[in-house]
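Participant: Supplied in structure tokens, the structure appears directly below.
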Amino acid sequence: MVGRPPKRAFPVADGHVPLGSGSVLRLGITDMKALQIVLREGPQTAGQLATRLRHTTGAVTSVLDRLERQSLIIRSQHPEDRRRIIVSATRKTLADGDNVYRSIRDAYAAMQRGFTTSELEFLVRYYEGSVELTRQEIARLGESAERRRSQARRGR
């Protein structure tokens, strides 16, 4: 077998897989995104999750309520600040249910077996470079928008 790309080298970023898997779990896209963030990045506060989702904390509370009702997440007290909660994924619930990503993983693995190690390395470099470029551009656009808002507040 030829070399494999690093784990998560080719995640699906366009939302189609989360939508499809979300329908199996009966989750909306925002709920699915929230669950993916907690699964990928680990436990975090509701505020951190709201920031990652670019939603208000009130909207994220509703998301967490829905995920908790399905036993997909648990909320626990923050160890240092009793006003905050920590959100964690309930991996057992996910493991006990249908693995909505298994067939996709298997299909990608089969496709990747058709590439040489150097081809896979190129794809990884390209993808990682694309992700970094996108992050830089998003940051630049955010700075530009903030500059415009600041100028508007000053009356320019």
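The values are calculated or read from the model by the stated rules, or taken from the named source; none is laboratory data. Predicted model, so just to flag it, every value in this text is computed and none were measured. FYI the Cβ positions are ideal-geometry reconstructions off the backbone, even for glycines, and counts take in every protein chain you see.
Participant: So, in the range 25-52, of the ones that are among the hydrophobic types (A, V, I, L, M, F, W, C) and under 25 Å from Arg83 (Cα atoms), which residue ends up surrounded by the most Cβ atoms within 10 Å (Cβ to Cβ)? Give the steps one after another, and end with the answer.
Facilitator: Applying the first criterion (among the hydrophobic types (A, V, I, L, M, F, W, C)) to the range 25-52 yields 25, 27, 29, 32, 34-35, 37-39, 46, 49-50.
In the following step, the residues that additionally are under 25 Å from Arg83 (Cα atoms) were identified as 34-35, 37-39, 46, 49-50.
Numbers: Ala34: 27, Leu35: 25, Ile37: 17, Val38: 23, Leu39: 14, Ala46: 19, Leu49: 22, Ala50: 20.
Residue satisfying both the conditions and the ranking: Ala34.
Participant: If you don't mind, there's one more thing I want to ask. For the range 72-89: of the residues being touching a helix residue (DSSP H, G or I) at 6+ places or on another chain (Cβ under 9 Å) and without any contact (Cβ under 8 Å) to a residue 40 or more places away in the chain, which is surrounded by the most Cβ atoms within 10 Å (Cβ to Cβ)? Before you say what the answer is, go through the steps one by one.
Facilitator: Initial filter on the range 72-89 (touching a helix residue (DSSP H, G or I) at 6+ places or on another chain (Cβ under 9 Å)): 72-75, 84-89.
So of that shortlist, the ones also without any contact (Cβ under 8 Å) to a residue 40 or more places away in the chain come out as 73-75, 84.
Numbers: Ile73: 24, Ile74: 16, Arg75: 14, Arg84: 13.
Residue satisfying both the conditions and the ranking: Ile73.
Yes/no per residue for (1) over 23 Å from the mean Cα position of the chain (by Cα); (2) part of a helix (DSSP H, G or I); (3) assigned by TED's automatic domain parsing to the domain that holds Leu27:
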site: Thr51; (1), (2), (3): no, yes, yes
site: His55; (1), (2), (3): no, no, yes
site: Asp106; (1), (2), (3): no, yes, yes
site: Val131; (1), (2), (3): no, yes, no
site: Arg149; (1), (2), (3): yes, yes, no
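Participant: Could you tell me whether Arg69 is surrounded by fewer than 13 Cβ atoms within 10 Å (Cβ to Cβ), modelled with pLDDT of 90 or more and under 22 Å from Gly142 (Cβ atoms)? Talk me through it step by step, then tell me what you get.
Facilitator: Values: surrounded by fewer than 13 Cβ atoms within 10 Å (Cβ to Cβ): yes; modelled with pLDDT of 90 or more: yes; under 22 Å from Gly142 (Cβ atoms): no.
Here the answer is no, as Arg69 does not meet what is asked.
Participant: Can you find a residue in the range 120-128 that is in contact with a helix residue (DSSP H, G or I) (Cβ under 8 Å, 6 or more places away or on another chain) and surrounded by 10 or more Cβ atoms within 10 Å (Cβ to Cβ)? Steps first, please.
Facilitator: Quick first cut of the range 120-128, residues in contact with a helix residue (DSSP H, G or I) (Cβ under 8 Å, 6 or more places away or on another chain) only: 120.
Keeping just the survivors that are surrounded by 10 or more Cβ atoms within 10 Å (Cβ to Cβ) gives 120.
The answer is yes; a qualifying residue exists.
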